[in-house]
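Report on the structure given below.
Read-outs throughout are calculated quantities, based only on the coordinates presented, and are distinct from any laboratory measurement. Every value quoted in this text rests on a predicted model; they were computed, and no experiment measured them. Here the Cβ is made from the backbone with ideal geometry for all residues, glycine too, and neighbour counts use every protein chain on show.
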Amino acid sequence: MTANEKKTMRVDVIVPCYNEEENIEVLFDRVQAEEARIAASGGYANSYDFSYIFVDDGSTDGTLEQIKHLADKGAEDLTAVKYISFSRNFGKEAAIYAGLKASAKGTRGGRPSDLAILMDADLQHPPEYIGEMIRMMEETGCDTVAARRVNRKGEPKIRSAFARLFYKLMNRYCDIEIADGALDFRLMSRAMVKTIAEMPETQRFSKGIFAWVGFDTRWLEFENVTRFAGETKWSVWSLTRYAIDGFIDFADSPLKFAGAFGGIVATGSAIYLVVEIIKTIVMGKDTPGYASTICLILFFGGVIIAILGLIGEYIGRMYLETKGRPVYVEKESNIEE
Ligand code: UDP
Ligand code: MG
């Protein structure tokens, strides 16, 4: 094929956004620049035509205005900038799902795009890697190219340590293999997008879903980049929850409380046991057998409550899943039905 017979591949750039007003425009400009660079380089087998799907996850700042501004700007140079705005904050997972669903259905009339790229709005997923991802896909014929960070520079040490523990447990005890450092920065074929968009579960853990659907995956490694503007939406607690949710992959406060309570009782009784042993050694026995009995009762009581709480996690999941509520509620969008 000569250069002018290149096949045009349509690419949807999907961006979940929650209070990212300072990042949207910079992100857009940098992705546009990358598209132009790919077009100008001549080193690609196909040509690539980018369009955008911004998912505003109930932002309370000017994010949606920024996106609408881009949609107007894009209309002038024939760049499709589509958006879906949620009625409230539903979380990144819901935003990813909405974006992938829109991409699978097609946002520009006619057939859906050939490829989709999922990326964060905060520029921690540098748009300058998109060309490399596309090249890897062209060269290997794989279905998906996912970014992976090789280090966690700029991240609190404790967060890195817990993340590492999470991946270790996940990979040991779950059927799926999730690469440590895998990011939600990913280029996917239409087949993969379609498969994920069709997965009906309401409680979604994308990292797990990406691994679960399989497909030929290649990894692009890069160094960690810190956020361009704004703040991360993750707190220690939300990350912990995310990890537990991802782990069980499938919840309810009282049941969670039961699990935590059992754990505390079990730990407390273990400490009590140690204290009793030391007391016995140092001061001799007062009532023989008393302390050890109490310890055992408390300990097993705690273990039982913890296990009940754990079962509760699964039942809570089933409870929420059977309600069949939508993953998100759309308030407005410029995607025509
Ligand atoms: N995000 C979202 N909904 C949320 C939280 C985050 O759509 O409830 C988006 C956010 O705007 C960003 C991406 O998800 O584009 C990653 O969020 P963040 O940077 O807070 O996560 P981190 O990079 O710290 O893991
Ligand atoms: Mg971030």
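By per-residue mean of other Cβ atoms within 10 Å, what is the highest-first order of 13-24, 35-46, 183-194?
Answer by packing, highest mean first, reads 13-24, 183-194, 35-46.
Using the charge dipole of the range 36-123 (Lys, Arg: +1 at Cβ; Asp, Glu: -1 at Cβ; taken about the Cα centre), state which of THR60, ALA36, LEU115 has its Cα farthest towards the positive end.
LEU115
From the cross-link list LYS101/LYS233; LYS82/LYS105; LYS105/LYS233; LYS157/LYS233; LYS82/LYS331; LYS6/LYS73, which pairs have alpha carbons spaced over 20 Å apart?
Beyond 20 Å: LYS101/LYS233; LYS105/LYS233; LYS6/LYS73.
Magnitude of the Cβ-charge dipole of the range 141-248, K/R +1 and D/E -1, about the Cα centre, nearest 20 debye?
Dipole size: approximately 380 debye.
Please state the charge dipole magnitude for the range 20-179, taken about the Cα centre, from unit charges on C-beta atoms (+1 on K and R, -1 on D and E), reported in debye and rounded to the nearest 20.
Value, rounded to 20: 820 debye.
Quick one: Cα centre-to-centre distance for the range 98-169 and the range 276-319, in angstrom?
What the calculation gives is 45 Å, centre to centre.
Net charge around LYS168, counting only other residues with Cβ within less than 14 Å of its Cβ (Lys, Arg = +1; Asp, Glu = -1)?
Neighbour charge sum, excluding LYS168 itself: 0.
Give the shape of the range 93-144 as rounded, prolate or oblate, defined through the alpha-carbon gyration tensor: a ≥ b ≥ c are the square roots of its eigenvalues, a/c under 1.5 means rounded, and otherwise the shape is prolate if a/b is larger than b/c and oblate if not.
Note, shape of the range 93-144 comes out oblate.
Rounding to the nearest 20 debye, state how big the charge dipole of the chain is about its Cα centre with +1 on each Lys and Arg Cβ and -1 on each Asp and Glu Cβ.
1100
With both bridge residues required to lie in the chain, what share of the DSSP beta bridges run antiparallel, to the nearest 5%?
Roughly 30 percent of the beta bridges in the chain run antiparallel, per DSSP.
Arrange GLU313, GLU201 by Cβ neighbour counts within 10 Å, fewest through most, would you?
In order of increasing Cβ crowding within 10 Å: GLU201, GLU313.
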